[in-house]
1. For the chain, give the magnitude of the charge dipole about the Cα centre (Cβ charges: +1 Lys/Arg, -1 Asp/Glu; no others), in debye to the nearest 20.
2. Using unit Cβ charges (K, R positive; D, E negative) and no other charged atoms, how large, in debye to the nearest 20, is the dipole of the stretch 342-415 about its Cα centre?
3. For the stretch 359-453, build the charge dipole from Cβ charges (+1 Lys, Arg; -1 Asp, Glu) around the Cα centre, then report which of THR436, VAL419, ASN384 sits farthest towards its positive end.
4. Using a 1.4 Å probe, what is the accessible area per residue for the chain, in Å²?
5. Restricting to Cα pairs below 8 Å that are 6+ residues apart, what does the relative contact order work out to for the stretch 192-239? Please round to a whole percent.
6. Kindly report, to the nearest 10 Å², the accessible surface of ASP249 as traced by a 1.4 Å probe over protein heavy atoms only.
7. Would you work out which of GLY217, THR237, SER192 lies farthest towards the positive end of the dipole of the stretch 189-242, given +1 charges on the beta-carbon of Lys and Arg and -1 on that of Asp and Glu, about the Cα centre?
8. Please report the carbon-and-sulfur percent of the accessible area for the chain; probe 1.4 Å, protein heavy atoms only, DNA, RNA and ligands left out.
Amino acid sequence: MTMCAPFLVSLVHRSSPRATPALARGSNPSSISLRLRRCAVSCAAAISLCFTAQASPDATKTTSRPPNFVIILLDDSGWADFEPFAKTAYPTPNVQRLADEGRCFDNFYVPQAVCSASRAALLTGCYPDRTRVFGAHAPRARGLDPKYATIAEVLRPRGYATAVFGKWHVGDQPETRPPARGFDESCGLMYSNDMWKYHPENPEYWGQWPLQFWDNGKITIDQVTPEHQTQLTTWYTEHAVSFIHKHKDHPFFLYLPHSMPHVPLFCSAKFRGKSGAGLYGDVMMELDWSVGEVLKALKSANIEQHTFVLLTSDNGPWISYGNHAGKTPFREAKGTSFDGGVRSACIIKFPGRIAPGTRSTNAFCTIDFLPTIAHLAGAALPANPVDGKNVWDLITGKHGARNPHDYYPLTTGSEFEGVISGDGRWKLHLPHPYRTLVNAGMDGKPGKYRQESIEKSLFDLANDPKETRNVLTTESSVAVRLTTLAETHRQRFYVARHTSAN
């Protein structure tokens, strides 16, 4: 350790931010905080390295900084909207490249097929049943309770720079917007891009709130216009690329939740009419371009090999909008607990850690990302309860790996509707109503749904992925097991909570 002392003194001297003079010059307090976090992490790592170096002369050869994480989240994209998962009427070469360099996951789930609930689950690793973030919250709603930590808040103590550029939609109050939830940098919309005065069905209601564009906690566009919406994908992408280059020498977490392809659809002039497949195709080509820009930035910054990249959607397509909606081969769509709503396409790339050009049928869920990312980053889990599990072995396809969950619960709004077995084979629907499409709309106008109901049903998703054959009686042992799990879950998160509230 004596040999290390001069090095440590030098490191602390070089890394320590002189906070008082910097603040006096008007520097951003969040940047001071980031440098302080990095100083602490660097010093701790150096101390650990010095001890291990004396025991092992090769310790420095195997020591590296934590990986970067990029999560690209689309809004209402269908499972079949990209060529790695289905043949499309428009090209998506950059998503195809991501798939060629990573792994496609065919059985990836979200716990609820509605916006805010799905996003809160991804960011916290918690069931909607726990956080009580259900459905899609309106403007100015509090959203996600700050007592539930986000991925950004988990990673910041490890010295990560954190950013979100895009649609937030998990809280629109000062304590629940991005700057208060662990993000050093942020820009975008606080809620869905259809919550404005041009809403196709209820403009008077949604028009009572201006659709605003925020940048680092400040409103920079008070009234977003249709012209502004054509630039959203470009703006989010430009911020993401700039962030990557700015933080290439330090670990970072970049969350890129696009507003598209949620209706109303918009794309920039550079992609308008380019697909030959209508506006939805144009929008998807621009999103594919965005993916390509992120991948290009990682490569040019020479950090591609050190970055975990994830692409998925918050839920299935909003099929009521017809030619302005995506596609899914599964039953029903957004706003239901059938697989057309809760099964999303997913691709993960991590060079040297995930085999390129591969596919997996292993099932897992968005709630598993926080604990898995924490594991890869060497970060501690938050003090609040977390429902997700570390599924890294499942993602990499390690021999013998099994999903650590007995089940995943499924909800629509505040209604608990069923469970999927942890291995993804079986789905139990409890009796519940659901919406099914009667007539699709066209060109930005929604169609019509009707309400139906499903009895208690068990589906073998391995042999019946479209949920058409109820095997409740023929697979009675599976039905009993999942029914017991579902009832235990209901008692824990609904009955007990309601009783304590009263």
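The values are calculated or read from the model by the stated rules, or taken from the named source; none is laboratory data. Fair warning: this is a prediction, and the values are worked out from it, not measured in the lab. Virtual Cβ from ideal backbone geometry, glycine too; neighbours counted across all protein chains shown. Remember, those area values only see protein heavy atoms, side chains included, never the ligands or the DNA or RNA. Shrake-Rupley method; radii C 1.70, N 1.55, O 1.52, S 1.80 Å.
1. That gives the chain a dipole magnitude of about 1160 debye.
2. 380 debye
3. Highest projection toward the positive end goes to THR436.
4. 41 Å²
5. Normalised by residue count, the contact order of the stretch 192-239 is 22 percent.
6. It works out to around 110 Å².
7. Ranked along the dipole, the leading option is GLY217.
8. Here it works out to 54 percent.
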